[in-house]
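Asks: Sharing a structure with you now.
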Amino acid sequence: MVGKKEELVYVDKHGKRLDGRKVDEVRPIKIEVGVLNRAEGSCYMEWGQNKILAAVYGPREALPKHIQNPYKALVNYSYRMASFSVPERKNPKPARREIEISKVCGEALEKAIFLERFPNTTIDVFVEIFDSNAGTRVAALSAASVALVDAGIPMKDMVCACGVGKAGGHIITDLNKEEEDADDAVDIPLAILPKTGEIVLLQMDGLMSKEEWKKCLEMGVKGCMQVYELQKEALKKKYSQIESTAQNNEARTEMVSDEKNSEGEFT
Amino acid sequence: MNDVMLDLRSDKIIESLKNGTRLDARKVDEYRNVSIELDISKNAEGSAKAKIGETEVIAGVKLSPGKPYPDSPAEGTISLGAELLPMASPLFEQGPPDENATELARVVDRGIRESKCIDFKDLCIREKELVWIAFVDFYVINDDGNLFDCSALASIAALKHTKIPKIEEDAIVKGEFAGKLKVKKTPILTTFAKIANAVVLDPNSAEMHAMDGRFSCASTEDDLFSAFQKGGRASFTAGDIDWCLETSLTKSKDLRKILKE
Amino acid sequence: MEKKLVIPGELVSEERKRLGGHVFIENGKIYSDALGIVADEAQAVSVIPLQGRYMPCRGDVVVGIVAQEKFAGFIIDINSFYFSFVSKKEIRESLKVGSIVSAKIFEVNEINEAELGDIRLFTGGEIVSVSPVKVPRVIGKNGSMLDVLKNGTNCNIIVGRNGRIWIKGGNIELFLKAIKKIEDEAHLSNLTNKMTAFMEENKTAAV
């Protein structure tokens, strides 16, 4: 829809947005787990037009040695956009925006990982955006969280993220690019740990009152929880054939069996 | 699989090749499974993902209007860039393109540029003042061997499905296009690995680890070669090269068919 | 009782129980730290992960590969977060880079570095990799699955807890197929019986 900004009705009287969504509706999301065979964990995500690939390596020895932390693992989060993921070609050199996003998203993940179990190591999280239409950082962070689980890294909780904000005077969830371009647009990337509701990522740009923020937080958390359900579903999907059977006990103990007396003979 | 395990594999690969067999049961002149997916990015003017075995590369084309070079006032140009993403392999480090990425980009570039599959005069908007520069950036997302062929495939597939943006008063009109980029031929790059005394087509990552030398050649449907590149420390005999060129002409036809689908 | 599949942060139990693997306590409730299956028994609760690296454990037998030779010892890759260093004084065998060995984990320190002992050299054979979390399935209760594999393939098999299996002789191709099946179905029940049947089918097919 290409119209002059002043004429755009961001939310009409039926509660419909420019792309037909309701004010609290998140764009369609598709999540695939374990898509790369070399990375230890990986996740492919489509969120609206956004196309994102997240991959995890680690914990692996942190080098050079002087950056090692003797008490916990370091998280190295790298958010990058492909040159053709945006309307005007982006130079492949990391931009300041990418560096900032990498920093705050890495910090968001740190709260969710049992870092103290892996001193002197680094957990590398690489996220690449191949197509974009607003909300890439929250989508990337959500995908990264799934990739971490796929890599078998012990976590206290998932990290689920969603954008929320304002356009045309209305508080809306998951702004797309057109909405972000509104004159009064406010964009708030938000990420939480679903179990406790703790906020691990929060940024805002725009002009907004405290009351507006309260509404944003409420809607943003709802959006994050929707993402959480999709992350859960995607992770469990691979194993959805779990049968419930009376032999469940035997199977369980097979997996936890006392291997100490069941090694092969050494000839 | 880490380096130590790959070293173990190398011995087995060399043994196996003495009988002309490969560990994954392929023939010495056989490609792994090849597939192409188009339109990966709506923001790109053209884009494609190529997969050879488990090796995956995504290429995207962005057309930017710019000033022509003074010695070719009525011609646009193409510019190829390679990124070996650290997600693709435990051996890739974050950072600007290193010598491997640079060699990769330049070889893929040569295969396409020298084939004259694109007439740069078609990229002219207004002589002496405005031409199109087609930036083709390809990103390696998973390295399971033979990045060369996969990158070249993704790049040519993206170019063949590139739309030219509409230009009005020297500025791009968003969302409107003036036809497709004319790509008259389809250059295909084929890569061979020299492992001890054997030569095999399309090395996977274990074979890349075992190889001592690499030879790539690009050719078009009229059986003309547009690029050669020998890499690695081993030497090739003239007989090796002949076999590679022959095999390349035959096998590139299969890859070209996949592009047509 | 249904097999419950959980992701990190999901509630596993609200009762007071001994903590097994891959669970943690927060505000009196027990949660999972991994994607896995809940093993909720009378006294203890744990989660059996479906993905993950090898975490060295005292007493484990592992299959290692000699990665480097140093003046005083060898650096051995045991497919974990760190390599292990073994002093030459403690090795009776003649090792070189690339040698495959079996080793016992004597000690593990707070940062998951493993001290190896009982190093024994394998001759010939090859290594098959399997996800470390699936190793208990490859062994089975009291070694039952391992027996099925040995009888079905006639291979010499040593299973390392670190996800490496050394095999020699016998029907190696059948072994590889069997391992893939176990990996794909590790989370399903009745696997030992299924594998016995699988071996039977393939034995007759081979003949």
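The values are calculated or read from the model by the stated rules, or taken from the named source; none is laboratory data. Note that the structure is a prediction, hence the values are computed from the model and not measured. Neighbour counts run over all protein chains shown; Cβ positions are idealised from the backbone, glycine included.
Asks: Do you know which of the residues in segment C:24-74 that are under 30 Å from A:Val33 (Cβ atoms) and of a type in the set (Lys, Arg) is surrounded by the fewest Cβ atoms within 10 Å (Cβ to Cβ)? It would help to see each step written out before you state the result.
Replies: Initially, segment C:24-74 is screened for residues under 30 Å from A:Val33 (Cβ atoms), giving C:24-27, C:29-41, C:44-57, C:60, C:62-63, C:65.
From the residues that got through so far, the ones that are of a type in the set (Lys, Arg) too are C:29, C:53.
Working: C:Lys29: 14, C:Arg53: 22.
Only one residue fits best here, namely C:Lys29.
Asks: Looking only at residues that are in contact with a strand residue (DSSP E or B) (Cβ under 8 Å, 6 or more places away or on another chain) and over 21 Å from C:Met55 (Cβ atoms) in segment C:16-41, which one is modelled with the highest pLDDT?
Replies: The qualifying residue modelled with the highest pLDDT is C:Lys29.
Asks: Working only within segment B:105-126, note down all residues that are away from every other protein chain (no Cβ under 14 Å), hydrophobic (A, V, I, L, M, F, W, C) and not in a strand (DSSP E or B). Walk me through it before giving the result.
Replies: Residues of segment B:105-126 away from every other protein chain (no Cβ under 14 Å): B:106-126.
Now drop any that are not hydrophobic (A, V, I, L, M, F, W, C), which leaves B:107-108, B:112, B:117-118, B:120, B:123-125.
Within segment B:105-126, B:Val107, B:Val108, B:Ile112, B:Cys117, B:Ile118, B:Phe120, B:Leu123 meet the criteria.
Here is a yes/no grid of residues against (1) closer than 24 Å to B:Ala48 by Cβ; (2) surrounded by fewer than 24 Cβ atoms within 10 Å (Cβ to Cβ):
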position: A:Ala54; (1), (2): yes, no
position: A:Lys72; (1), (2): no, yes
position: A:Asn76; (1), (2): no, yes
position: A:Tyr79; (1), (2): yes, no
position: A:Glu88; (1), (2): yes, yes
position: A:Asn91; (1), (2): yes, yes
position: A:Glu100; (1), (2): no, yes
position: A:Val104; (1), (2): no, yes
position: A:Glu110; (1), (2): no, yes
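Asks: Let me ask something else. So for segment B:65-78 (the condition being of a type in the set (S, T, N, Q) and over 28 Å from B:Ile172 (Cβ atoms)), does at least one residue qualify?
Replies: Scanning segment B:65-78, I find no residue that is of a type in the set (S, T, N, Q) and over 28 Å from B:Ile172 (Cβ atoms), so the answer is no.
Rundown of residues vs (1) under 19 Å from the mean Cα position of the chain (by Cα); (2) of a type in the set (Lys, Arg); (3) closer than 27 Å to B:Ile58 by Cβ; (4) modelled with pLDDT of 95 or more, yes/no style:
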position: B:Lys174; (1), (2), (3), (4): no, yes, yes, no
position: B:Phe192; (1), (2), (3), (4): yes, no, yes, yes
position: B:Arg214; (1), (2), (3), (4): yes, yes, yes, yes
position: B:Cys217; (1), (2), (3), (4): yes, no, yes, yes
position: B:Ser226; (1), (2), (3), (4): yes, no, yes, yes
position: B:Gly232; (1), (2), (3), (4): yes, no, yes, no
position: B:Asp242; (1), (2), (3), (4): no, no, no, yes
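Asks: Restricting to segment C:64-85, name every residue that is within 12 Å of C:Gly98 (Cα to Cα) and either away from chain B (no Cβ under 11 Å) or in contact with a Leu (Cβ under 6 Å, 6 or more places away or on another chain) (or both).
Replies: C:Val66, C:Glu69, C:Phe74
Asks: Another question, then. Which of the residues that make up segment B:235-258 are buried (at least 17 other Cβ atoms within 10 Å of the Cβ) and of a type in the set (S, T, N, Q)?
Replies: Residues satisfying the conditions are B:Thr247, B:Ser248, B:Ser252.
Asks: Right, C:Gly140: under 22 Å from C:Glu200 (Cβ atoms), surrounded by 20 or more Cβ atoms within 10 Å (Cβ to Cβ), modelled with pLDDT under 90 and at the interface with chain A (Cβ under 9 Å from one of its Cβ atoms) or not?
Replies: Against the criterion (under 22 Å from C:Glu200 (Cβ atoms), surrounded by 20 or more Cβ atoms within 10 Å (Cβ to Cβ), modelled with pLDDT under 90 and at the interface with chain A (Cβ under 9 Å from one of its Cβ atoms)), C:Gly140 qualifies.
Asks: Right, another one. Enumerate the strands (runs of 3 or more DSSP E) found wholly within segment B:34-76, keeping only those where 3 or more residues are buried (at least 22 other Cβ atoms within 10 Å of the Cβ).
Replies: B:46-52, B:55-66
Asks: Follow-up question, since we're still on this one. Kindly indicate whether any position in segment A:100-117 is within 12 Å of chain B (Cβ to nearest Cβ) and within 26 Å of A:Glu179 (Cα to Cα).
Replies: yes
Asks: Within the bounds of segment B:167-179, is there any residue that is in a helix (DSSP H, G or I) and among the hydrophobic types (A, V, I, L, M, F, W, C)?
Replies: Looking for residues that are in a helix (DSSP H, G or I) and among the hydrophobic types (A, V, I, L, M, F, W, C), one finds none in segment B:167-179, hence no.
Asks: I've got another one for you. Between a first residue in segment B:220-234 that is at negative phi and buried (at least 16 other Cβ atoms within 10 Å of the Cβ) and a second residue that is among the small types (Gly, Ala, Ser) and assigned to a loop (DSSP other than H, G, I, E, B), which pairs have beta carbons less than 7 Å apart while being 6 or more apart in sequence or on different chains?
Replies: B:Thr220/B:Ser115; B:Ser226/B:Ser115
Asks: Within segment A:163-195, track down each residue that is within 28 Å of A:Glu107 (Cα to Cα), of a type in the set (A, V, I, L, M) and in a strand (DSSP E or B).
Replies: A:Val164, A:Ile171, A:Ile172, A:Val186, A:Ile188, A:Leu190, A:Ala191, A:Ile192, A:Leu193
Asks: Output the residue which, of all residues in segment B:127-147 that are crowded, with 23+ Cβ neighbours inside 10 Å and more than 13 Å from chain A (Cβ to nearest Cβ), is nearest to the chain's Cα centre (by Cα).
Replies: B:Asn146
Asks: Could you grab me the full set of residues in segment C:11-33 that are of a type in the set (Asp, Glu) and facing another protein chain (nearest Cβ under 8 Å)?
Replies: C:Glu26, C:Asp33
Asks: When residues of segment A:87-99 are filtered for being at the interface with chain B (Cβ under 7 Å from one of its Cβ atoms) and either within 27 Å of A:Leu63 (Cβ to Cβ) or touching a Ser or Thr at 6+ places or on another chain (Cβ under 6 Å) (or both), how many remain?
Replies: Residues in segment A:87-99 being at the interface with chain B (Cβ under 7 Å from one of its Cβ atoms) and either within 27 Å of A:Leu63 (Cβ to Cβ) or touching a Ser or Thr at 6+ places or on another chain (Cβ under 6 Å) (or both): 2 in total.
Residue-by-condition table, conditions (1) modelled with pLDDT under 95; (2) out of contact with any Phe, Trp or Tyr (no Cβ under 7 Å at 6 or more places or on another chain); (3) within 30 Å of B:Val61 (Cα to Cα); (4) among the aliphatic types (A, V, I, L, M):
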| residue | (1), (2), (3), (4) |
| --- | --- |
| A:His14 | yes, yes, no, no |
| A:Asp24 | no, yes, no, no |
| A:Ile29 | no, no, yes, yes |
| A:Trp47 | no, yes, yes, no |
| A:Lys51 | no, no, yes, no |
| A:Pro64 | yes, yes, no, no |
| A:Asn76 | no, yes, yes, no |
| A:Arg80 | no, yes, yes, no |
| A:Ser83 | no, no, yes, no |
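Asks: Anything in segment C:147-181 that is more than 10 Å from chain A (Cβ to nearest Cβ) and touching a residue at least 60 places away in the same chain (Cβ under 8 Å)? List them, or say none.
Replies: C:Asn162, C:Gly163, C:Arg164
Asks: Residues to consider are C:Asn151, C:Asn193, C:Asn202; find the one that is touching a helix residue (DSSP H, G or I) at 6+ places or on another chain (Cβ under 6 Å) and assigned to a helix (DSSP H, G or I).
Replies: On the way: C:Asn151 fails: touching a helix residue (DSSP H, G or I) at 6+ places or on another chain (Cβ under 6 Å); C:Asn193 fails: touching a helix residue (DSSP H, G or I) at 6+ places or on another chain (Cβ under 6 Å).
It is C:Asn202.
Asks: Return the residue satisfying two criteria in turn: it lies in segment A:13-67 and is among the small types (Gly, Ala, Ser) and more than 17 Å from the chain's Cα centre (by Cα), and of such residues it is farthest from the other protein chains (Cβ to nearest Cβ). Spell out how you get there, then give the answer.
Replies: We begin by selecting, within segment A:13-67, every residue among the small types (Gly, Ala, Ser); these are A:15, A:20, A:34, A:39, A:41-42, A:48, A:54-55, A:58, A:62.
Still in the list and also more than 17 Å from the chain's Cα centre (by Cα): A:15, A:20, A:39, A:58, A:62.
Values: A:Gly15: 27, A:Gly20: 18, A:Ala39: 5, A:Gly58: 9, A:Ala62: 11 Å.
Only one residue tops the list, namely A:Gly15.
Asks: Separate question: Taking A:Tyr10, is it among the hydroxyl-bearing types (Ser, Thr, Tyr), surrounded by 17 or more Cβ atoms within 10 Å (Cβ to Cβ) and within 14 Å of chain B (Cβ to nearest Cβ)?
Replies: The answer is no for A:Tyr10.
Asks: Separate question: Please count how many residues of segment B:77-104 are in contact with a Ser or Thr (Cβ under 9 Å, 6 or more places away or on another chain), more than 21 Å from A:Leu63 (Cα to Cα) and within 11 Å of chain A (Cβ to nearest Cβ).
Replies: 3
Asks: Right, something else. Which condition breaks for B:Ala227 when tested against (1) within 26 Å of B:Lys51 (Cβ to Cβ); (2) in a helix (DSSP H, G or I)?
Replies: Going through the list (1) within 26 Å of B:Lys51 (Cβ to Cβ); (2) in a helix (DSSP H, G or I), B:Ala227 breaks only (2).
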